[in-house]
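Here's the structure we're looking at; comments come further down.
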Amino acid sequence: MSILLTGGVGFIGSHTAVELMNQGIDVVIADNLSNSEASAIDGIEQITGRRPVFYPIDVADPELLDDLFCEQSIDGVIHFAGYKSVGESVAKPLQYYRNNLDTTLTLLETMQKHKVKTLIFSSSATVYSACEQVPFTEESQPLGCSNPYGWTKYMIEQILKDLCVSDADLSVVLLRYFNPVGAHASGLIGEKPSGIPNNLMPYITQVASGILPKLHVFGDDYPTPDGTGIRDYIHVVDLAKGHVAALAYADRHQGCEVFNLGTGKGYSVLDVVRAFEQANDLSIPYEIAPRRAGDIAVCYANTQKAEAVLGWKAEKSLAEMCRDSWRWQKSQERE
Ligand code: WQD
């Protein structure tokens, strides 16, 4: 029996494939490579000693996905496939609703046809974007997402909750990621943003390597200790291990359950810059720029539920996140 990872060649998917395979779980990956490179499959093989079965298909294609389910013995799915850029979703909302919802609906219909009853969904802390207080708990009611990307995640969560009402045998776990950063310590897999990075850590690593001249800090007038935005950065390997724990939980439970996957600690933009400089013994030039539309001041997780119910807790420090991010950036430049 295998676990299907849709979008499994991507940043979080590839790291989750490694952690599952390290536990002896067979993995099948379906990915159309629209936002990732097949070289990550080689990295997974080099790290684990085994090559996952790979289908270079669009998960939204019902025929191709049905062929996969006919050919492989799938007993659970981790659903990563989807567009994920907040800024791009504001500029191209139709593409985001079409892609993220079509992919999910085709997957769910195919799972239903093949009687596959376990699903882990890659959701996001973005659903909390307008909530009133931090740290966010799973009961913090979203007061309206601040971008189409967040809305697709929130809508898919609702679809899955409704599906669980219609089929009591389903086991669905919604994982709300905070800010994934870092890379596997081997330097063989990591984040590969196309073009100029939207997110803070890959932008910093490209400044460190001289690809970009300096970091623009989006606002230093937030109601925070140093005025810059605070986020809950979590190492991607800790996040991947959270998926292994979620799968074990799903095997023991029915129904739909939501968990925050964060560290429970918030760091400001300037905290991250200083941590990166200290961890890697280099300096990051930056200048203060205007706030970025859609950003909130503070976002970090209450992680008690995942610790108590999944038995999972993030372990890696911000310094490790900075060291592993930098090692990955340098390994890209050697290629
Ligand atoms: C972090 C902080 C910025 C870039 C997004 C998505 C979220 C998740 C993670 C998918 C903020 C500041 C950033 C820069 C900066 N992705 N910043 N200069 O926006 O918290 O979350 O990515 O699930 O859904 O919303 O992450 O890394 O873009 O920003 O000052 O060049 O860094 O203002 O305070 P964000 P981010």
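The values are calculated or read from the model by the stated rules, or taken from the named source; none is laboratory data. Just so you know, these numbers come straight off a predicted model, no measurement behind them. Methodologically, a virtual Cβ is constructed for each residue, glycine included, from the backbone with ideal geometry; neighbour enumeration extends over all protein chains shown. SASA here: full protein model, heavy atoms, side chains in, ligands and nucleic acids out. Shrake-Rupley method; radii C 1.70, N 1.55, O 1.52, S 1.80 Å.
Numerical summary
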quantity	calculated
The chain: C-alpha gyration tensor shape, a/c 1.5 cut-off, then a/b vs b/c	prolate
Cleavage-rule hits, GluC sites (Glu not before Pro), the stretch 108-174, DSSP coil, Cβ neighbours within 10 Å at most 10	Glu132, Glu139
Whole-percent carbon and sulfur share, accessible surface of the chain, 1.4 Å	50 percent
Which of Cys256, Cys70, Cys299 is most accessible, then next, and so on - probe 1.4 Å	Cys70, Cys256, Cys299
Cα gyration tensor shape for the stretch 284-326, rounded if a/c is under 1.5, else prolate or oblate	oblate
Members of Lys113/Lys153; Lys115/Lys153; Lys84/Lys330; Lys265/Lys313; Lys84/Lys316 lying beyond 19 Å, as alpha-carbon distances in this model show	Lys113/Lys153; Lys115/Lys153; Lys84/Lys330; Lys84/Lys316
Residue order for Arg176, Arg334 - accessible surface, 1.4 angstrom probe, largest first	Arg334, Arg176
GNM result for the chain, Cα springs below 10 Å: residue of Ile74, Ile211, Ile44 fluctuating most strongly	Ile211
Accessible area of the chain divided out per residue, in Å², using a probe of 1.4 angstrom	43 Å²
Computed E for Lys115/Val309 - FRET, C-beta separation, R0 25 angstrom, nearest 0.05	0.40
Projected-area mean, the stretch 8-136, by convex hull of Cα positions, square nanometres	9.3 nm²
Mean separation of Cα contacts under 8 Å (6+ apart) over length of the chain, as relative contact order %	19 percent
Where Rh is the Kirkwood radius over Cα pairs, Rg/Rh for the stretch 234-335	1.06
Of Pro52, Pro213, Pro135, the one that fluctuates the most in a GNM where the chain has Cα springs shorter than 10 Å	Pro213
Gaussian network model of the chain, Cα within-10 Å springs - most flexible of Ser268, Ser140, Ser14	Ser140
